[in-house]
Each structure stands twice: as structure tokens, then as C-alpha cells.
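Trainee: Below are the C-alpha cells for one structure; questions will follow.
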Amino acid sequence: MFPKKHLLIAAALTGLAFGAQAKLPAPAPLTPEAAAKADEAKAKAAHTAKVDAFKLCKSMDKAAANYFKTTAGAGKQPSANAPACTDPGPFAYVPPKPAEAAGAHSPAAPAVSPPSQQAPAGAPTPKKP
């Protein structure tokens, strides 16, 4: 089938590929700007997928209408329970507010009294008159 020389070369190249992959450095953490760009690119890709699905739906509707009008489907009607194609509209990206701007880490109000009114252990409790 294959000479031993070819198998040895293939095994050596595979070993080198795995060895080179093992030495790659870990990816650097994203900066806030890079993370924002990545989020926008992800949103744009999702919108593009929705637009592509809409175009596919419209073309399928057109093909089905042509089928029912001309060929073996003559006299039949398309299914009434088929979902309608929904247009996703133009792309609009609204970046999320950072947690600091949303007030997620800010306390409701500064503390003005200790959390409990109990006297520390060992201290005498005052008697009420």
C-alpha cells in the first residue's frame, strides 16, 4: 500500500504540527475597546444571518407560488399555516452600558449606624429606669 518511508514522514509531520501548536502563547485578554468591537461584530453577524434567512424565505415563497401556479400543484393551494417572512430591518447596534455607569456596584446609601444595636460580649447592658 504505502511504503514505510511515507508513513514515517507523515508521522513526523503530524508530531511537528502538534508540537508547534503546544508552544503557542495563551491569547492576551481583550481590552475594553477590543471587546466592544467584538460585540459589535457579533451583533452585525447575527443581523446578517437574519437578513439572509429573510431573503431565503422570500425566495422560497416565490418558488412555491410558481410551483402552485404552473406545475403539478395546479389547483392546490399553499399551506395556510406557513410562517410569514419577517424583515429584520436595518442594522442598529446599541452598545450595552458598562456596569459602573448603570450603578450596579454602588451602594444604595452610606451606612450611618452600625449593622446591629447589640452590645459587644462582656460589656454590661444598661438597665432601663
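The values are calculated or read from the model by the stated rules, or taken from the named source; none is laboratory data. All of these numbers come straight from a predicted model, not from anything done at the bench. Neighbour counts are summed over all protein chains in view; Cβ atoms, including those assigned to glycine, are modelled from backbone coordinates with ideal geometry.
Trainee: How about the stretch 30-41: which of its residues are surrounded by 11 or more Cβ atoms within 10 Å (Cβ to Cβ) and assigned to a helix (DSSP H, G or I)?
Mentor: We begin by selecting, within the stretch 30-41, every residue surrounded by 11 or more Cβ atoms within 10 Å (Cβ to Cβ); these are 30, 34-41.
Matches in the stretch 30-41: Ala34, Ala35, Ala36, Lys37, Ala38, Asp39, Glu40, Ala41.
Trainee: Let me spell it out: the conditions are (1) surrounded by 10 or more Cβ atoms within 10 Å (Cβ to Cβ); (2) modelled with pLDDT under 75, and Ser106 meets all of them except one. Which number is the exception?
Mentor: All conditions pass for Ser106, except number (1).
Trainee: Pull out all pairs, ordered by first then second residue, where Cβ-Cβ is under 7 Å, the residues are six or more apart or on different chains, the first lies in the stretch 58-70 and is under 16 Å from Cys85 (Cβ atoms), and the second is modelled with pLDDT of 85 or more.
Mentor: Lys58/Cys85; Asp61/Cys85
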